[in-house]
Amino acid sequence: MDTEALDELAGQLRGEALGGRGLLQLATATGLAAYAVWAAVLMPGFRRVPLHLQVPYMPSSAQQVANVMALLRGRSGKTADLGSGDGRLVLEAHKQGLRPAVGYELNPWLLWLAKYRARKAGCHGQVSFLKQDLWKANLSDCYNVTVFLAPSVKPPLAAKLLAELPDEARVVAGRFPFPSWTPSSTLGQGLEQAWAYDMKEVRRAVRCGGTPGVTAPPGASPTGGLSPGEQ
């Protein structure tokens with residue numbers, strides 16, 4: 001539906017009650033607009049990721065960001081946001097002194113938006129946004145990891161983090177916790193809640209059998225990274 005048709009519908013809405021046909025046209029136009037946003041902003045990059053690992057973009061609220069950053073306060077070292085979207089968490093991490101701060105994102109439109117926000121915040125060249133599948137990223141040098149991902153993604157991601165992160169790393173999950181990990185601390189309520197996991201404690205629980213459903217992946221050493229024969 002073109003712009004003139006949409007303007008005509010808007011005029012009808014202002015001037016008189018819509019009949020059945022008008023309501024149908026309006027619903028069609030709204031549906032097409034929503035699909036256009038999905039196709040342009042959300043879909044690119046999804047085709048490269050298996051269906052069960054796909055997570056739609058949902059921007060974090062200011063309170064969610066604040067809770068995540070509070071759980072990382074006082075820490076240092078490289079910080080990675082997995083599925084960084086518009087880059088807000090990466091920028092906040094950089095401002096809090098968690099450097100270098102890196103975001104992994106496949107969607108080209110969101111990458112462009114993140115880089116625009118970084119430039120606008122005066123952080124151009126100081127933070128990184130990589131067009132890279134988070135499942136293929138090497139996280140072995142990351143000491144802080146933030147994730148806002150769906151529950152279905154957490155079990156395979158838990159295995160990846162156990163295999164790659166150093167013992168000193170902290171993982172902070174927003175919206176949904178890791179179902180089989182016990183958090184070191186948590187902050188907030190409902191969808192604003194965030195959970196912090198210290199990898200040393202998570203590995204100790206796995207070794208002691210205190211975390212049902214989680215096992216260290218093949219090749220993982222008790223202290224993180226790959227065993228000497230796998231490196």
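The values are calculated or read from the model by the stated rules, or taken from the named source; none is laboratory data. On a predicted model such as this, the values are computed, not experimentally measured, just so you know. Here the Cβ is made from the backbone with ideal geometry for all residues, glycine too, and neighbour counts use every protein chain on show. What goes into the accessible areas is simple: the full protein's heavy atoms, side chains included, and nothing from ligands, DNA or RNA. Shrake-Rupley method; radii C 1.70, N 1.55, O 1.52, S 1.80 Å.
Of all residues in the range 178-231, which are at pLDDT 50 or above, open to solvent by 80 Å² or more (accessible area, probe 1.4 Å) and not in a loop (DSSP other than H, G, I, E, B)?
In the first step, residues of the range 178-231 are kept if they are at pLDDT 50 or above; the result is 178-211.
If we keep only those that are open to solvent by 80 Å² or more (accessible area, probe 1.4 Å) too, we end up with 179, 182, 189, 191, 200-201, 204, 207-208.
Passing the criteria: L191, K200, E201, R204, R207.
Within the range 179-193, count every residue that is under 15 Å from V206 (Cβ atoms) and in contact with a strand residue (DSSP E or B) (Cβ under 7 Å, 6 or more places away or on another chain).
Step one: filter the range 179-193 for residues under 15 Å from V206 (Cβ atoms), giving 179-184.
Pick out the ones that are also in contact with a strand residue (DSSP E or B) (Cβ under 7 Å, 6 or more places away or on another chain) and you get 181, 183-184.
Matching residues across the range 179-193 total 3.
Please give the number of the condition K120 fails out of (1) of a type outside the set (S, T, N, Q); (2) open to solvent by 10 Å² or more (accessible area, probe 1.4 Å); (3) touching a residue at least 12 places away in the same chain (Cβ under 8 Å).
With respect to (1) of a type outside the set (S, T, N, Q); (2) open to solvent by 10 Å² or more (accessible area, probe 1.4 Å); (3) touching a residue at least 12 places away in the same chain (Cβ under 8 Å), K120 is out only on (3).
Let me confirm something: among A66, A93, which residue is in a helix (DSSP H, G or I) and either open to solvent by 40 Å² or more (accessible area, probe 1.4 Å) or within 16 Å of W195 (Cα to Cα) (or both)? Talk me through it step by step, then tell me what you get.
Numbers: A93 fails: either open to solvent by 40 Å² or more (accessible area, probe 1.4 Å) or within 16 Å of W195 (Cα to Cα) (or both).
Only one candidate passes the filter, namely A66.
Looking at (1) part of a helix (DSSP H, G or I); (2) open to solvent by 60 Å² or more (accessible area, probe 1.4 Å); (3) touching a residue at least 40 places away in the same chain (Cβ under 8 Å), which is the one condition that is false for M58?
Single failed check for M58: (1).
Return the total of residues in the range 129-157 being open to solvent by less than 10 Å² (accessible area, probe 1.4 Å) and assigned to a helix (DSSP H, G or I).
Number of matching residues: 3.
Identify all residues within the range 96-117 that are over 22 Å from L165 (Cα atoms) and open to solvent by 30 Å² or more (accessible area, probe 1.4 Å); write none if there are none.
Let us first name the residues in the range 96-117 that are over 22 Å from L165 (Cα atoms), namely 107-117.
Residues satisfying the conditions are P108, W109, W112, L113, K115, Y116, R117.
Residues being under 19 Å from K78 (Cα atoms) and over 17 Å from the mean Cα position of the chain (by Cα): count how many of those fall in the range 155-190.
8
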